[in-house]
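The structure under discussion appears below in the form of structure tokens.
All of the numbers you see were taken from the coordinates with simple rules; none came from a lab. Fair warning: this is a prediction, and the values are worked out from it, not measured in the lab. Cβ placement follows ideal geometry from the backbone for every residue including glycine, while neighbour counts extend to all protein chains displayed.
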Amino acid sequence: MTPATRGTYQLAEGPVWDAARNRLLWVDILNGLVLEGTVDRGLIEVTAEHRFDGMVGAVTTSVDGTLLVAGQQHLIVVHPDGTRTDGPRIIPVGEPRRLNDGSTDPAGRFLVGTLSLQGPSRAEVLVRWEHDGRVTSLDTDLALSNGLAWSADGTLMYSVDTERRTVFVRDYDTATGKTGDRRVHLTLDDGYPDGIALDAAGHLWVAVWGGGEVRRFAPDGTLTDRIAVPAPHTSCVAFAGPDLRTLVVTTAIAELSDEQHRLHPDSGRLFTIPVDVPGLPVAAWAPPLY
């Protein structure tokens, strides 16, 4: 496990590989930053930063390089020329909640969830920005919506409820967006599942917040591997590089005690590790047509 960035971040999250431009995107949630970087021989060099008012939960990109950013309570489109356009508001003004992890489904729709800024609730949502511009709800009873991933054929969707220590799975129709009933795929007894990613063998990689590691689970939910990370708050995972064989792991300084930070001085950095099985590519965002 290699410390890959020079800098550290309060709450690094949501890495995504933009293959068309050979760049890694990720966010520093608490500092309102979207970052771009290169990945070369395990090292990540920051090449650009985008700063926002308030926190940011996630970022993705379209085919032409347009960024879609989950701002604190609404979506923001950042065009290639740097201009910005407000997308739909997900959280009503004044509510003490923010947008959290988000990703594109295999058809390019963007999904994003919420969390409460006043502690766990049972009313957090997972929503999807549809091709026709509507925002629809998939879940409305989450405690803390987090990582998202889809199977290679697009027929299964995985989603995380961190406070419940649960990864859910449901049937998914990529063409129509129709979903089946949510069911438990796996639960953790220690640590909290955060960001997730799938590899080409159908194994699910899970960043374990509070556990200082990444775990790999077989399609039936059986634990097959665990990799220690020198940072207690491991927040997300993604596959990067032209062959998708570099696992990128984000971590956080936020919520560490002074003693924890002293013992784990690389907390807040991004890490990389080469893997034998490549990851699955993440679909580009397809902006709504309306």
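Couple of notes before you dig in:
- In the chain, the DSSP-assigned H stretches of four residues or longer account for a calculated mean residue ellipticity at 222 nm of -500 deg cm²/dmol, using -39500 (n - 2.57) per stretch and the full residue count as denominator.
- Scanning residues 5 or more positions from Asn100 or on other chains, those with amide H under 5 Å from its amide H are Gly113, Thr114, Leu115, with H placed 1.01 Å from N in the peptide plane.
- Furthest towards positive pole of dipole, Ala207, Pro88, Gly191, structure part the chain, Cβ charges: Pro88
- Other residues within the sphere of radius under 13 Å centred on the Cβ of Thr250, judged by their own Cβ, net out at -4 (K and R +1, D and E -1).
- Cα lying deepest toward the dipole's positive end in the chain, options Thr251, Ala228, Trp26, charges on Cβ: Trp26
- Neighbours of His74 by Cβ distance under 13 Å: Lys/Arg scored +1, Asp/Glu scored -1, total +1.
- Remark: the Ala200-Asp258 segment gains 17.0 nm on full extension, using 0.36 nm per residue and subtracting the alpha carbon distance.
- Structural descriptor for segment 2-274: relative contact order 16 percent, calculated from alpha carbon pairs under 8 angstrom and at least 6 residues apart.
- Taking Lys and Arg as +1 and Asp and Glu as -1, the other residues whose beta-carbon sits under 15 Å from that of Thr224 total -2.
- Around the Cα centre of segment 2-274, unit charges on the Cβ atoms of Lys, Arg, Asp and Glu (plus for the first two, minus for the last two) sum to a dipole of about 40 debye.
- Taking the Cα centre of segment 215-290 as origin and assigning +1 to Lys and Arg Cβ atoms and -1 to Asp and Glu Cβ atoms, the resulting dipole is close to 100 debye.
- By the count of neighbouring beta-carbon atoms within 10 Å, fewest first, Ile227, Ile90 end up ordered Ile227, Ile90.
- Taken along the Cα-to-beta-carbon direction at a fixed 7 Å, the label points for Thr2 and His79 span 3.9 nm.
- A simple spin-label model places pseudo-atoms 7 Å from Cα toward Cβ; at Val46 and Thr140 they are separated by 4.0 nm.
- For mean projected area of the Cα convex hull in nm², calculated from these coordinates, the label among (1) 13.7; (2) 15.5; (3) 21.7: (1)
- Excluding exposed DSSP-loop GluC sites (Glu not before Pro) (at most 16 other C-beta within 10 Å), longest clean stretch of the chain: 1-129
- Sites Asp53 and Lys178 - FRET efficiency at Förster radius 30 Å, r taken between beta-carbons, to 0.05: 0.25
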